[in-house]
1. Amide H neighbours of G116 under 5 Å, at least 5 residues apart or on other chains, H built in the peptide plane: list them.
2. Treating the beta-carbon of each Lys and Arg as +1 and of each Asp and Glu as -1, no other charges, what is the dipole magnitude of the chain about its Cα centre, to the nearest 20 debye?
3. Given a Förster distance of 51 Å, report the FRET efficiency between R251 and T54 from their Cβ-Cβ distance, rounded to the nearest 0.05.
4. Give the calculated FRET efficiency between E260 and H220 to the nearest 0.05, with a Förster radius of 22 Å applied to their Cβ-Cβ distance.
5. Fully extended, how many nm does the chain gain between D109 and A69 (0.36 nm per residue separation, minus their Cα-Cα distance)?
6. Using alpha carbons only, how many degrees (0 to 90, rounded to 10) separate the axis of helix 130-141 from the longest principal axis of the chain?
7. How high is the relative contact order of the chain, in percent, counting Cα pairs under 8 Å that sit 6 or more residues apart?
8. Once the Cα atoms of helix 160-175 and of the chain are each reduced to a long axis, what angle between those two axes, in degrees from 0 to 90 to the nearest 10, is obtained?
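Nothing in this text is a laboratory measurement; each read-out follows from the coordinates by a stated rule. Remember, it's a predicted structure, so these values are computed and weren't measured experimentally. Counting neighbours? That spans all protein chains shown, and the Cβs are built from the backbone with ideal geometry, glycine included.
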Amino acid sequence: MIELHGLTKRYGEKLAVDDLTVTVRPGVVTGFLGPNGAGKSTTMRMVLGLDTPTSGTALVGGRPYARHAAPLHEVGALLEAKGVHPGRTARNHLRSLAATGGVAAARVDVVLELAGLTAVADKRVGGFSLGMGQRLGVAAALLGDPAVVMLDEPVNGLDPDGVLWIRRLTRGLAAEGRTVFLSSHLMSEMAVTADHLVVVGRGRLQADLSTADFIARAGHESVDVRSPRAGELRDLLVGPDVTVTSRERDRLEVVGLPAEAIGETAAAAGIPLHQLSTVRPSLEDAFMAVTGDTREYRTDQEVTAA
């Protein structure tokens, strides 16, 4: 478990993390979202003791990371995959980590296989692609078979097979009862990977709730309808709990009725339908709605639209 209590970090006049209080629980994949500059990486660095909080605490398993006798067995982290000597082979890199972290040497082959790197284990890391480097970083994070796994942008540079591997891996780790804390800017992937979300903006907590509940905040499910007799259909659908809007002459957006009911109403009146599809709010929709005012970098068009 990761527990943040009033966690705050200042760099001079810059407030990077502002009074953040969050509990990341075991058994679920918790996604960590926020715009660029929101304080995600700084928060993760404070959890690992790489940055000292200005105030507040960051605990792992009830104590600061630095106070664990065998930290690699408690927390496995990937913050910067390129932090590897390019002249070392993947195997030797992991062996050195194992030797200094009190991890059995046999564990190296286990994580190489887990990361799909066995075939290139004796190649120099300097020749690795970005995706292979990410896989090596994940292997290093899992070296100590840790109870807590914290990955910052792990899908960066991965091909579709690699992205799917990360999804299955993180969900599998959570199913084993581990604490999994995962940051990513890839919303489509986070939507199918994370069970719970922690969202920050300008260092402050914006949301801490299940992925389903967070998406639901973006708006109601609607039905997109196209018909040459849209006006007639609209009159049949409008009711006390049903909203029908139209931006095009032959198109309706219906909120409050499922697609099946709309189709049955149209069929009973002999009204042809050219399209009938359910539109659900996405994680990206919800994210933009919640963090729109906290993004530091926006174009003039985005500011005008907001």
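1. none
2. Computed about the Cα centre, the dipole is about 1220 debye.
3. Efficiency, from the Cβ-Cβ distance: 0.45.
4. On the way: r = 17 Å, r/R0 = 0.76.
Efficiency computed from Cβ-Cβ geometry: 0.85.
5. Difference between extended and current length: 12.0 nm.
6. Once rounded, one gets 60 degrees.
7. Across the chain, relative contact order equals 21 percent.
8. Taking the Cα atoms of the chain, the angle to 160-175 is about 80 degrees.
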